[in-house]
Amino acid sequence: MKDVYTTTEVAKFCGVSFRTVIRWIERGELGAYKLPGRGDHRVPMTDLKDFMRGHNIPEPEEWMGQPRRILIAEDEAPMAKAIERVLRNAGYETVVASDGFLAGSLLHTFKPRLLTLDIRMPGIDGMGVLRFLQKQTFPFFTKILVVSGESDERLEEALKLGADGALAKPFSNEDLLSEVQRLLG
């Protein structure tokens, strides 16, 4: 995955002609900038992702992480094992990270399609992980499900920082699987 795309590449991802992409840019619907000289447009990845999500355009396969992989960021071993057991029984491949730093590094190697993220962890907490992820561009797309015993206000803050869903502890196995399936489609 690149940081910037041409109008032709954007057109391929969206299933339209490059002229349609140029019209989107000219109308201000899709963020882009012009190169000096020839005036060709370039579309930053973040603008393209926002545009595609806003128009329900499916993301290309090459952006996707492994569809059955879930990274569990949870520092409490019994909770991590419980989440892992439920997800593995449902057919998902899982890896557990006991802190935010390890979760950040495992994102690059494990390439999960979903990250379950506790807010309160030692070192880099869940909010720190969310702030870090806002600044990153990965060659795949990972959804984030915050799983935490924090207050509703903190869960709402996590959603504002980019989490795709939030599940308050304690929760049932069915609630966990329902949220995972909702996020993974």
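General observations
- Estimated from the Cβ-Cβ distance and a Förster radius of 41 angstrom, the FRET efficiency linking residue 132 and residue 17 is about 0.65.
- Cross-link reach list, aspartates and glutamates versus residue 2, counting only Cα pairs under 20 Å and skipping chain neighbours closer than eight places: 40, 47, 50, 59, 61, 62
- Förster-model FRET efficiency, 22 Å R0, residue 184 and residue 82, C-beta, rounded to 0.05: 0.65
- Gain upon complete extension [residue 26, residue 46; 0.36 nm per residue less C-alpha separation]: 5.4 nm
- Prolate/oblate/rounded call for segment 64-184, Cα gyration tensor, a/c under 1.5 rounded: rounded
- Antiparallel DSSP beta bridges within the chain, as percent of all bridges there, nearest 5: 20 percent
- Pairs of C-alpha atoms in segment 4-60 farther apart than 13 Å represent 56 percent of all such pairs.
- As a calculated quantity, the FRET efficiency between residue 177 and residue 109 at R0 = 25 Å, using C-beta atoms, amounts to about 0.45.
Values in this text are rule-based calculations from the coordinates and carry no lab data. All of these numbers come straight from a predicted model, not from anything done at the bench. Here the Cβ is made from the backbone with ideal geometry for all residues, glycine too, and neighbour counts use every protein chain on show.
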